[in-house]
Amino acid sequence: MEIYLDANATTPVLEAAKVAAIGVMMDDFGNPSSVHGAGLKARALMNEVRSCARRVLGAPTGQMLFLSGATEGIQTAVLSALNALRGRLDFDCLLYGATEHKVVPEALEHWNSLLGLDLQVLSIPVGSDGRHDLNWLRERAPRAGLVCTMAANNETGVVSDLEGIAAALRGSKALWLVDAVQALGKLSLRISDLPIDYAAFSGHKLYAPKGIGLLYVREGAPFTSLLTGGGQESALRSGTENMPGIAALGAVLDALERGNLSRPRETLARYRVQLSGALREAFPGILFNTLPELCLPTTLNFSVPGVDSKVLLDLFDAADMRISGGSACSASNAEPSHVLEAMGLPRQRSASAVRLSFGPASEPDMIEEACRRIRSCGQALRENCMIDGPPGELPPCERVTRFVVDGACCYLVADAASRRCLVIDPLPELTGQLFQWICGHEFVLAAVLDTHSHGDHASSASALRAGVPAHLCEIGRLDALGWPQGSEAIALGELSLNRLPIPGHTQDSTAYLLADSSGPCMAFVGDMVMPGALGRSDFEDSDPLAFGSSLRDLQQAVGPDTFLLPGHDYEGSFACTLRTERVHQPLLDGMLDGSMDAVYFATTKAMLEENLPPTRYQTMACGAQVGRCTPDEGVELERDNFMAMIAAVPTGIVVDVREPYEQRQGRAVDFGEQVRIETVPLSVLVNALPRWLALPRDTPLLFFCRSGNRSAQAARALRRLGHAESFSLAGGIALWPRLAPTERSSSVDPTS
Ligand code: PLP
């Protein structure tokens with residue numbers, strides 16, 4: 001059973017709302033502008049719903065317009081207010097809460113510029129509790145033309161002090177827009193009790209379908225239509241009305257008015273206590289990012305230190321629980337939440353923040369089941385040494401584990417037999433995770449190394465060395481990059497690590513060459529050679545003229561086919577070799593085939609590095625990317641084609657790249673009885689590269705994961721390294737049909 005805990009993003013449609021919508025689509029489908037019977041019926045329904053909205057929202061007067069949702073409502077309100085401010089000299093700014101949904105600042109900037117007002121658009125600061133700074137607002141209000149504040153925040157659930165805001169605005173002529181989207185059905189909002197000029201609502205946040213919303217406009221408040229045309233909604237909002245949406249919203253408002261929709265406040269508060277208790281039990285270090293007494297009882301925003309929000313999202317999703325990181329609108333981009341940043345949370349804490357929100361009509365059984373699964377998620381992280389607690393039976397320890405933060409890579413190299421490990425290029429964001437790994441596995445930490453003095457991020461080498469208990473740490477006198485003084489090599493059981501100076505990117509750049517009993521197997525090359533790029537050499541401490549000969553030294557030391565593990569991997573290519581990079585990078589090829597000298601190489605490289613833009617993570621780019629790393633064409637296979645490929649080529653290898661903590665929670669997927677599934681989590685994928693690349697060229701490698709993103713990354717990386725028959729299951733197993741419980745036991749379970 002799926003547990004949906006992302007109600008602030010959207011909600012399912014109430015049964016009565018669905019019935020009402022179907023009724024007006026199938027039977028009473030008239031157009032409210034028609035004057036015949038069918039039209040009159042539709043108009044009557046619309047009027048009924050409007051009256052109900054007025055009663056529920058406490059707005060007996062003013063306009064109550066149906067429109068497509070809160071985004072349109074907010075645009076209309078901002079346009080109306082700003083159009084009325086044209087030519088007025090008594091205002092110089094527009095104010096909005098720093099934690100508003102991004103539609104508000106975007107609408108302000110858009111209409112301010114389009115109408116040529118050129119007013120200052122300022123954000124009202126919030127305190128660490130997420131509430132507006134009312135003194136700041138009181139000071140600016142006399143010069144403000146419009147003030148926009150939300151009733152409750154979508155990410156944190158923080159409820160604004162609307163009465164305090166009204167008091168701060170008293171005496172000013174500012175118009176006041178309230179984004180009441182998250183308040184509907186969760187707070188008792190009586191609009192006419194406050195001097196609100198505009199209030200926007202959205203149906204899909206409270207059990208109505210998407211595409212229907214309401215805008216309240218106070219009687220006498222300025223109004224300008226966003227849409228003109230057929231004159232619907234008293235010519236305030238043209239366009240044939242969304243009658244299924246209106247009917248559905250009517251059913252929701254009716255249920256709300258009768259008290260049949262939202263559970264009592266005490267019940268919701270009890271749910272919250274249950275969920276936060278389960279979260280505390282599951283993740284003992286958890287930090288809640290808001291004060292419960294200031295929040296909607298239906299929203300919990302929290303961070304688990306050392307555990308990235310992406311890990312939590314994948315983990316909860318594997319347990320069939322839908323939650324969200326930051327705001328749902330920004331779920332696919334890597335930027336931390338602007339809401340938590342405005343509240344002053346450190347970047348690391350906001351990067352690991354997660355939002356859990358349930359609808360006000362939630363059933364107690366659902367909450368109990370959610371608590372059970374939350375505890376099980378905690379257990380999965382503990383068992384994998386990702387949070388404190390007794391680990392379970394650990395998956396076999398792989399030689400190299402890769403961690404990535406905003407494209408920067410850190411590697412943990414471990415030897416299971418000797419129980420020794422070392423870390424290369426640790427990042428501050430990973431200290432907790434690495435510490436958990438080392439202590440949980442009880443491996444001795446033999447070294448913490450940097451490949452160079454980093455310009456784009458801090459190294460957390462000393463914090464890591466200091467944090468690991470003495471009996472698990474074997475570190476003596478070190479040089480600046482962490483190499484044990486006086487040592488030729490670092491031994492980890494049968495593995496040994498040597499170093500090779502490769503000045504260029506920086507003067508101290510160093511490659512670490514890993515060898516096993518059969519010779520060199522991998523090289524950690526920092527930012528010297530990355531997939532599709534050479535490390536930039538335009539820093540103060542770079543040595544551009546030495547770069548070329550360092551490349552030759554590397555070639556001599558490792559040959560063309562040793563896997564190079566880079567310090568940055570912006571496009572998810574995992575590894576490269578000198579042979580693959582010579583195909584993609586003419587500069588590298590010219591240097592290695594002897595056709596370029598060091599000066600020509602350095603000069604051409606410098607030209608490539610002029611005005612390098614930041615990366616998509618908004619971090620400094622460590623090299624000039626030449627062309628896109630990996631083509632996408634044909635990488636993704638729809639389910640039927642994926643299955644056909646499995647059936648057609650029995651030697652093909654099906655690979656589950658989900659992490660062990662997800663696999664533990666995961667659900668069964670039926671690939672068929674004969675299919676053997678390899679589990680190679682993305683974090684340890686580099687270990688399988690030599691084996692997969694030694695396969696006959698026509699052996700299909702078929703990757704899958706939860707959503708298809710990570711498997712596509714793996715397939716593209718394998719193609720780039722030369723194995724063209726690499727594919728990914730499009731959409732991942734999230735789109736896989738669910739198995740009935742009886743089928744489940746007889747199916748192949750990729751999670752086992
Ligand atoms: N305001 C808030 C607080 C929201 O949560 C949302 C939806 O995410 C919106 C505005 C936009 O609403 P709609 O989806 O109806 O355009």
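In the set L545, L608, L592, only one residue is of a type outside the set (V, I, T), crowded, with 18+ Cβ neighbours inside 10 Å and over 23 Å from L427 (Cβ atoms); that residue is L592.
Please enumerate the residues belonging to the stretch 51-77 that are part of a loop (DSSP other than H, G, I, E, B), within 12 Å of the ligand (Cβ to nearest atom) and open to solvent by less than 20 Å² (accessible area, probe 1.4 Å). Hit for the stretch 51-77 is G69, nothing else. Residues in the stretch 372-394 that are assigned to a loop (DSSP other than H, G, I, E, B) and open to solvent by less than 50 Å² (accessible area, probe 1.4 Å): N384, C385, M386, I387, G389, G392.
Of the residues making up the stretch 310-324, one or more are under 14 Å from the mean Cα position of the chain (by Cα) and under 19 Å from Q618 (Cα atoms). Can you pull out the residues in the stretch 33-73 that are without any contact (Cβ under 8 Å) to a residue 24 or more places away in the chain and closer than 19 Å to F223 by Cβ? Correct list: R50, R54.
With respect to being within 15 Å of the ligand (Cβ to nearest atom), surrounded by fewer than 19 Cβ atoms within 10 Å (Cβ to Cβ) and not in a loop (DSSP other than H, G, I, E, B), E106 fits the description.
One residue stands out in the stretch 1-14 among those that are over 14 Å from L249 (Cα atoms) and more than 16 Å from the ligand (Cβ to nearest atom): the one that is modelled with the highest pLDDT, namely I3. In contact (Cβ under 8 Å) with a residue 12 or more places away in the chain, of a type in the set (D, E, K, R) and within 16 Å of the ligand (Cβ to nearest atom): is that true of R131 in this structure? Considered against the rule, which asks whether it is in contact (Cβ under 8 Å) with a residue 12 or more places away in the chain, of a type in the set (D, E, K, R) and within 16 Å of the ligand (Cβ to nearest atom), R131 comes out as yes. Say whether the condition of being within 22 Å of M243 (Cα to Cα), touching a Ser or Thr at 6+ places or on another chain (Cβ under 8 Å) and away from the ligand (no atom under 16 Å from the Cβ) is met by at least one residue in the stretch 24-31. Within the stretch 24-31, one or more residues are within 22 Å of M243 (Cα to Cα), touching a Ser or Thr at 6+ places or on another chain (Cβ under 8 Å) and away from the ligand (no atom under 16 Å from the Cβ). A count restricted to the stretch 225-252 and to residues that are closer than 25 Å to L175 by Cβ, of a type in the set (D, E, K, R) and open to solvent by less than 30 Å² (accessible area, probe 1.4 Å) stands at 1. Given the condition assigned to a strand (DSSP E or B), open to solvent by 80 Å² or more (accessible area, probe 1.4 Å), more than 30 Å from S542 (Cα to Cα) and at pLDDT 90 or above, answer yes or no: does some residue in the stretch 642-658 qualify? No, the conditions are met nowhere in the stretch 642-658.
Select from the stretch 26-50 the residues that are surrounded by fewer than 18 Cβ atoms within 10 Å (Cβ to Cβ) and under 17 Å from A208 (Cα atoms) and list them in ascending order. Selection gives E48 alone. Among helices (runs of 4 or more DSSP H) entirely within the stretch 254-343, having at least 1 residues that are open to solvent by 40 Å² or more (accessible area, probe 1.4 Å) and within 16 Å of the ligand (Cβ to nearest atom) singles out 338-342.
Of the strands (runs of 3 or more DSSP E) that lie entirely inside the stretch 114-224, those containing 3 or more residues that are open to solvent by 10 Å² or more (accessible area, probe 1.4 Å) and of a type outside the set (G, A, S) span 120-124.
The test for being without any contact (Cβ under 8 Å) to a residue 24 or more places away in the chain and under 32 Å from the mean Cα position of the chain (by Cα) holds for E633.
Look at (1) away from the ligand (no atom under 16 Å from the Cβ); (2) modelled with pLDDT of 95 or more and you find that L89 fails only one, number (2).
With the structure loaded, tell me whether T615 is touching a Phe, Trp or Tyr at 6+ places or on another chain (Cβ under 7 Å) and touching a residue at least 12 places away in the same chain (Cβ under 8 Å) or whether it fails that test. Taking the combined requirement at face value, the residue satisfies it. Being farther than 20 Å from G239 by Cβ, in a helix (DSSP H, G or I) and within 16 Å of the ligand (Cβ to nearest atom) is a property that holds for A17.
The residues listed here are G535, G567; of these, the one that is touching a His at 6+ places or on another chain (Cβ under 7 Å) and either buried (at least 23 other Cβ atoms within 10 Å of the Cβ) or at pLDDT 95 or above (or both) is G535.
Of the residues making up the stretch 160-200, those that are within 12 Å of the ligand (Cβ to nearest atom), aliphatic (A, V, I, L, M) and out of contact with any Asp or Glu (no Cβ under 7 Å at 6 or more places or on another chain) are V178, A180, V181, A183, L184, A199.
The values are calculated or read from the model by the stated rules, or taken from the named source; none is laboratory data. What you see is a predicted model; the values in this text were computed from it and never measured. Don't worry about glycine lacking a Cβ; one is built from the backbone with ideal geometry, like all the others, and counts go over all protein chains shown. Keep in mind that these areas ignore ligands, DNA and RNA; they rest on the heavy atoms of the full protein, side chains included. Shrake-Rupley method; radii C 1.70, N 1.55, O 1.52, S 1.80 Å.
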